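Just below is one structure, and these are the notes that go with it.
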Amino acid sequence: MDTIEEIKQNSSSVDVYDSDSNGTKFSDHYTVVIDSEVYGMSDEPFHPAYGFCQFVGDLGDRRGELKPHKGWGYKVELKDLPENVLQAILDRCA
């Protein structure tokens, strides 16, 4: 089974936003919403020196009211993400 299928099996909803739309590198390149939990992730989430994969908060019952902030960037599909970011998402789903 591939990583994307595992993610879909382990969570009811995953939305990913890419803030790197203008070529600027931020440590929180991706905003990831898994069910009601929000995470910031870099494009190298497991790197020991500059990797970033941090819990930001829980939307709780407000998940249905989510209106992405323009700073989150544009929504991306799981299939367009690097494998290491997919693995970090899967780790958070477990």
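The values are calculated or read from the model by the stated rules, or taken from the named source; none is laboratory data. What you are looking at is a predicted structure, and each value in this text was computed from that prediction instead of being measured. Cβ coordinates were reconstructed from backbone atoms using ideal geometry, including for glycine residues, and neighbour counts include every protein chain displayed.
Observations
- Sole residue being surrounded by 18 or more Cβ atoms within 10 Å (Cβ to Cβ), modelled with pLDDT of 85 or more and touching a Leu at 6+ places or on another chain (Cβ under 8 Å), chosen from LEU78, LEU86, LEU90: LEU86
- Subset of region 52-67 [part of a loop (DSSP other than H, G, I, E, B), surrounded by fewer than 16 Cβ atoms within 10 Å (Cβ to Cβ) and at pLDDT 80 or above]: LEU59
- Scope region 69-84; condition in contact with a helix residue (DSSP H, G or I) (Cβ under 9 Å, 6 or more places away or on another chain) and within 17 Å of CYS53 (Cβ to Cβ); matching residues: LEU78, LEU81, GLU83
- Region 14-48 - residue that is exposed (fewer than 12 other Cβ atoms within 10 Å of the Cβ) and modelled with pLDDT under 90 and, of those, nearest to ASP91 (Cα to Cα): LYS25
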